[in-house]
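I have placed the structure first, in the form of structure tokens, so that the comments after it can refer back to it.
Derivation of every value follows stated rules applied to the coordinates shown; laboratory data play no part. Note that this is a predicted model, so its numbers are computed, not measured. Methodologically, a virtual Cβ is constructed for each residue, glycine included, from the backbone with ideal geometry; neighbour enumeration extends over all protein chains shown.
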Amino acid sequence: MPENFQISFLALYNTINNMGCNTSSSQAEDITPILRKVWGELCEAFFIEAKWTHNKYLPTLEDYLENAWPSVSGVVLLTHGYYLMNQDIKNDARVSLEECHDLIKWSSMIFRLCNDLATSSVYMLYVDHMNKIFTNSAIYSTLDKTS
């Protein structure tokens, strides 16, 4: 593993263990396995998107949407938010979080689609700007050749 990955992984690993220990001491509940699980799923989703990008693969809409909601980090944010509010951890809520309740899934999907919408509008501005540059350079190149 490259050194910068090792540093990032170690920081994440230590942070998760720290949170787990703090919650365990204050609420008598070990949340470390749950935090590891949601972070592992997020990293898996990132890895899938990295493979798609590296292989220049355009996923089907079904494949994209299946990976879209875990890769936006909504599950990680909501899980951390629930466990770090210093409230009594209820077993049914923990089970619901572990099984990735539909509320979490669809909240994450909305988060991802809003993110994609914002990104696509910025991307379109960039592409439009680049097209103008290429068009202008092609026109000036043609004018130089004819003069």
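As a proxy for reagent exposure, His80, His54 were ordered by neighbouring Cβ count within 10 angstrom, fewest first; the result is His54, His80. Cross-link partners for Lys51 among the aspartates and glutamates, with Cα-Cα distance under 14 Å and sequence neighbours closer than 8 places in the same chain left out: Asp63.
Count Lys and Arg as plus one, Asp and Glu as minus one, and take only other residues whose Cβ is under 14 Å from that of Val72; the net charge is then -3. Between Cys21 and Tyr64, the modelled label-to-label distance comes to 4.4 nm, taking each label 7 Å out from Cα in the direction of the beta carbon. Between Glu99 and Phe9, full extension at 0.36 nm per residue minus the direct alpha carbon distance yields a gain of 29.9 nm.
Computed over neighbours whose Cβ is under 14 Å from that of Lys105, the net charge equals -4, Lys and Arg +1, Asp and Glu -1.
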